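Chemist: Structure provided below as C-alpha cells; questions to follow.
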Amino acid sequence: MTRILDTDRLRLRLATPDDAPFYLALVNDPAFIEHIGDRKLRTVAAARRALDEGPVAMQEKYGHSLYLVERLADGAPLGLCGLVKRDTLEHVDIGYAFLPEHRGCGYAFEAGQAVVRLAVRLGIRRLAAIVAPDNAASIALLQRLGLRFERRATLAPGQPPVDLYLTDLEG
C-alpha cells in the first residue's frame, strides 16, 4: 500500500489490483452510471485491468491519479478521489466518486480539500472539474472546494455535455 496522504478520518492511497472488487462495485453503482457514465466493467478481472490501465498508469505517467479513499478507523474503502489528466481537457481535474452508503458523511469534501492541497504541492496552478449539469450534489461540493462554473463543454463527439468548473490555485 502506497499512502499518498491522511486527513483526520481518511487515508488516500494508490489503488492496487486487490481493490478490483471495490472498484467494480463503485463503477456499477446506479448513481455512478447516471452521473459519470457506464464503464461497462462487469467482472473483477475487467475492473483489475481498468485500474491498471487507468489510475496506476496515470500515476506512473503524471505523478498523480485517482486515489482509493479509505476510512482510517477500519480501512474500509469508501470511494475514489484524486487528480486526473484527460486528453480532452487543458487542465488537470479533480475527480471523485463514493459508494452510496458513504455519501452525505462529509468524506468527499474532506478528501477533496486534501486533494486540492496536494495539487498545490504538485505545482498545479489551475484546477478543473467536470460534472454532469444535473448533478446538484457534486456541483455544490465543487463550489465548496472553491471551483466556479466556467462553461458547458462536450469532451468528445457523441458524449453528453458536461459543466466545466475551474479555480486558480496559489502556491
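Chemist: Mind telling me which of LEU26, LEU72, LEU147 comes out most flexible in a GNM of the chain, alpha-carbon contacts under 10 Å?
Modeler: In the Gaussian network model the winner is LEU72.
Chemist: Could you work out how far apart the two model spin labels at PHE109 and ASP74 are, taking each label as a point 7 Å from the Cα in the direction of the beta carbon, and quote it in nm?
Modeler: 2.3 nm
Chemist: Can I ask one more? Return MET58, MET1 ranked ascending by Cβ neighbour count within 10 Å, so the fewest neighbours appear first.
Modeler: Details: MET58 18, MET1 12.
So the residues, fewest neighbours to most, are MET1, MET58.
Chemist: I've got another one for you. Whole Å is fine, so just give me how far the alpha carbon centre of the stretch 1-58 lies from that of the stretch 76-99.
Modeler: Cα centres, the stretch 1-58 to the stretch 76-99: 10 Å.
Chemist: Further question: What are the ³J(HN,Hα) values, in whole Hz, obtained from phi via the Karplus relation 6.51 cos²θ - 1.76 cosθ + 1.60 with θ = phi - 60°, for each residue of the stretch 105-114 in sequence order, with x given for Gly and Pro?
Modeler: So the Karplus estimates, Gly and Pro as x, are 9, x, 5, 5, 5, 4, 5, x, 4, 5 Hz.
Chemist: Of PRO133, PRO17, GLN59, whose Cα points farthest to the positive end of the dipole of the stretch 3-168 (charges on the beta-carbon: +1 Lys, Arg; -1 Asp, Glu; origin at the Cα centre)?
Modeler: Farthest towards the positive end: GLN59.
Chemist: What FRET efficiency would be calculated for the residue pair LYS61, ARG121, taking the C-beta separation as r and a Förster radius of 30 Å, to the nearest 0.05? Display every interim value, and only then the final one.
Modeler: Working: r = 18 Å, r/R0 = 0.61.
Rounded to the nearest 0.05, the efficiency is 0.95.
Chemist: Report, in deg cm²/dmol and to the nearest 500, the calculated mean residue ellipticity at 222 nm for the chain, where each DSSP H run with n ≥ 4 adds -39500 (n - 2.57) and the sum is divided by the residue count.
Modeler: -8500 deg cm²/dmol
Chemist: Would you kindly give the portion of the calculated P(r) for the stretch 60-171 that falls above 17 Å, as a percent of all Cα pairs? Present the calculation step by step, with values, prior to reporting the outcome.
Modeler: Values: 3358 of 6216 pairs.
Beyond 17 Å sits 54 percent of the P(r) for the stretch 60-171.
Chemist: A further question follows. Under a 10 Å cutoff between Cα atoms, tell me which one of ALA132, ALA46, ALA15 has the largest fluctuation in the Gaussian network model of the chain.
Modeler: Among ALA132, ALA46, ALA15, the largest mean-square fluctuation in the Gaussian network model of the chain belongs to ALA46.
Chemist: Over the chain, with a Gaussian network built from C-alpha contacts below 10 Å, which listed residue (LEU68, LEU83, LEU141) shows the highest mean-square fluctuation?
Modeler: Most flexible of the set in this elastic network: LEU141.
Every number in this text was worked out from the coordinates using simple rules, so none of it is lab data. These numbers were taken from a predicted model, which means no experiment stands behind them. Glycine gets a Cβ as well: all are built from the backbone with ideal geometry, and neighbour counts include every protein chain shown.
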